[in-house]
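Asker: This is the structure I want to talk about, given as C-alpha cells.
The numbers here are math on the coordinates, done by the rules we state, and not lab data. Everything numeric in this text was worked out from a predicted model, so none of it was measured. Every residue, glycine among them, receives a Cβ derived from its backbone with ideal geometry; neighbour counts consider all protein chains shown.
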Amino acid sequence: MREKKFFITLFFLVIVIIGCFYLLSFIKEKINLSYPHIFMLSLSVMLLTFFMLLLFRYLLILIFSLLFHFRYQKEFSKDNLKKVSILIPVYNEEKLLATVISALLNLDYPKEKYEIIIVDDGSQDNSCEVVYQFLEKERTVKIKFFRQENQGKAKALNRAFAESEGEIIACIDSDCVLTKDSLLFGVRHFQDEKVGAVAGNVKIWNQDKIFTKLQALEYLEGLNFTRQALSFFNKVNIVPGAIGFFRREVLEEVGLYNGNVYAEDCDLTLRILKAGYKVIYEPKAVAYTEAPENIYCLLTQRYRWTRGILQAVKKNHDLFYYHSSSFSLILSYWLLIYEAFVWPTMNLVAHLFFTFLALLYGFIPFLFIWWFSLTLLDFSSACFAYTSDKKSENHTYQNKKITFFYLPFLVLLYRLYYLLLIDTIKVFAFLEEILNLGMSWQRIKITGKLNGYLIKEKA
Amino acid sequence: MSEVITILSAIVLGVTLITLIFSLIIYILFRLRANKKEVINKEVKKESEEEIFIRYQPKEGEED
C-alpha cells in the first residue's frame, strides 16, 4: 500500500517537472525572455502566491480566534473536581525548583485532590536537596520523589506517570511556575468525555529586555494566537511541555512520551488527535517561564524545536492522507508543517531574492514592500492577540510586560530583525534534519529571575 | 515621497543584509559548538555504559 502511494506521488512529481520544463521552453519561445529572467519571473510569481497564502492564513486565524473568544465559557462548576497528578521531570534545576514547588503547593485546588510527582533525571547540582527540604516540611499536598540515572525528559515523564494515581495528568517543565488557578481552568474541560488533552498558556516572565519582549510577542502573536484558532476546531497541534493536561486513559491508549523525538510534546499531541480526541487550548491556565536572554541560547532552543517538530511530523506522516480523520485535523497537521518549515523557507528565499535584486539591479523598493506588508499583517494580529490576551488575564502580578505603547516599535523590530534570524535558523535546522546530522539536547541558561514570582504574588 | 521610500528601503536593505550575515555566523558557531558537544556526549555515554557493565557483571561462582 505504502509503495503504491510512493509511486503515485513520484509519477505526479515527474509529470509536474516535465510540465514545468515544457512551460519554460514555451514561455522562452513566445515571450523571448532569457532563462535568468524567466527564473526571476517564476520566483516572483511563487513569492506572490505564498504571500497570498499567508494573507489567507492570517485572515482565517483572525476569524477563528475571534470565534474561539465568542464561544469561550467563563463560568464553570467547581463541584466533582477530578484527581490530578502533576508530573515534573527535573534535571539540574536548583535555581528555580523551590519556586516551582512552592507555587504548586499553593494552587487554588482542593489539596487532597492533587499530588506532585517529581522525577530527578540524574541531576548533578543540588536539585535533590531542594526537593528533600520540601519533603521534610509539614504539608497538606502529597509529594512523591524519585531519582534515576540520566535517561532524558521523556523517560523521566514516563516514570512519573507510572507512579501517578490521578485521573488527569498535568505535565509541567521544571522551569515553569503555574499561576494559582491554572489547574482549575485546565482541568475543567475534562468534564467533556471527548477531550483528550488541554494546552495551557505559556507566558514569558523576564520581559525586562527588548530581546525577551520580542520573544513574548512571538508567544503572544505566533504561538498562542494560532492555538486559539485551532482550538475552535478542537484540533490544537502542540500541547506545550511547559503546561499540558491529559486524560489518563487517553495516555494509556495512545502510548506515553517517545524518547526518540526531540519535540515529544508535539508527537504525543498528534497521536492523541489521530485517536479522535479533542485537544483544546485554555488561555487562563497560565505557566510563566524564563525566556533565553542571549541570541545563542534562543537559537539553540529554536533549532531543537524545529528539528523536533520535523521528527514528529515524519513519525506521524500518515496524517498526510489519513482517510478516517476530519478535514480540520489534516488542516491542523498541514499548518504545523507550514509554520515550521514552509513559511520560514519562503521568507528567507524572499529576503535573499529581493536583496539580490536590490544589490544587482537597484530595485530596493521590492524588499521594502515585502517587509512593510508583512509588518502590517503582524501589527494587526499583534493588536488582536494583545487585547484578547489582556481580556483573559485574571492576575496582575506579571513583571514588566509588553504595553500597548511599545507594540508598534516591537513589531517593527520583530519582522525586520527577530523573525529573519529565527527563520534562518529554522531553515538550517530543517536541512540538517533532512541530512540526518547528529544533534544533542543543549540546555538553556536560567537566570533565576522567575524566583521573583512569589514576591509579586505575596505583594 | 519617493525619496522617503528610498531611504526607508535602504534602511530595510541594510538591516536585512546585516541580519542575514549575522545569522549565518551564529549558525556556523552553533554547529561548531554542537559538534564539540556531540563528541563529549559520546565519550560520557561510553564511560557510563562501561560503569554499568562493571556494576552488573556477575561475580565468579555467582549465577548470571
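Asker: So for chain A: antiparallel DSSP bridges make up what percent, rounded to the nearest 5?
Answerer: Counting only bridges with both partners in chain A, antiparallel ones make up about 30 percent.
Asker: Now a separate question. Any idea how far apart A:Ile434 and A:Leu24 come out in nm if each label point goes 7 Å out from Cα toward Cβ?
Answerer: Going from the A:Ile434 label point to the A:Leu24 one covers 1.7 nm.
Asker: Could you let me know the centre-to-centre spacing of region A:17-35 and region A:228-294, using Cα atoms, in angstrom?
Answerer: Between the Cα centres of region A:17-35 and region A:228-294 lies a distance of 47 Å.
Asker: Mind jotting down the distance between the C-alpha centroids of region A:103-132 and region A:371-385, whole Å?
Answerer: Taking the Cα centre of region A:103-132 as reference, the centre of region A:371-385 is 41 Å away.
Asker: Find, among the trypsin sites (Lys or Arg not before Pro) in region A:1-108, those assigned to loop by DSSP (not H, G, I, E, B) with at most 13 other beta-carbon atoms within 10 angstrom.
Answerer: Counting only loop positions with at most 13 other Cβ atoms within 10 Å, the trypsin sites (Lys or Arg not before Pro) in region A:1-108 are A:Lys74, A:Lys78.
Asker: Expected output is a single nm value to one decimal: the length gained when fully extending between A:Leu10 and A:Lys315, i.e. 0.36 nm times separation in residues minus the C-alpha distance. What is it?
Answerer: Full extension of this stretch gives 107.8 nm more.
Asker: Expressed as an acute angle from 0 to 90° and rounded to the nearest 10, what is the orientation of the C-alpha long axis of helix A:127-136 relative to the principal long axis of chain A?
Answerer: Helix A:127-136 sits roughly 30 degrees off the main axis of chain A.
Asker: Give a quick list of GluC sites (Glu not before Pro) in region A:58-166 that DSSP marks as loop, anything other than H, G, I, E or B, with at most 13 other Cβ atoms within 10 Å.
Answerer: Those that pass, being in a loop and sparsely packed, are A:Glu75, A:Glu138, A:Glu149, A:Glu165.
Asker: Can I ask one more? What does the charge count near A:Cys383 come to, summing +1 for each Lys or Arg and -1 for each Asp or Glu among other residues with Cβ under 12 Å from its Cβ? Working shown, then result.
Answerer: Details: positive: A:Lys390; negative: A:Glu221, A:Asp378, A:Asp389.
Taking every other residue near A:Cys383 into account, the sum is -2.
Asker: Add +1 for every Lys or Arg and -1 for every Asp or Glu among the other residues with Cβ under 12 Å from the Cβ of A:Leu270, and state the total.
Answerer: Numbers: positive: A:Lys235, A:Arg271, A:Lys274, A:Lys314, A:Lys315; negative: A:Glu264, A:Asp265, A:Asp267, A:Asp318.
Result for the local shell: +1.
Asker: Stretched out fully, how many nm does the piece from A:Trp334 to A:Glu136 gain, at 0.36 nm a residue minus the Cα gap?
Answerer: Contour length minus the Cα-Cα distance gives 66.3 nm.
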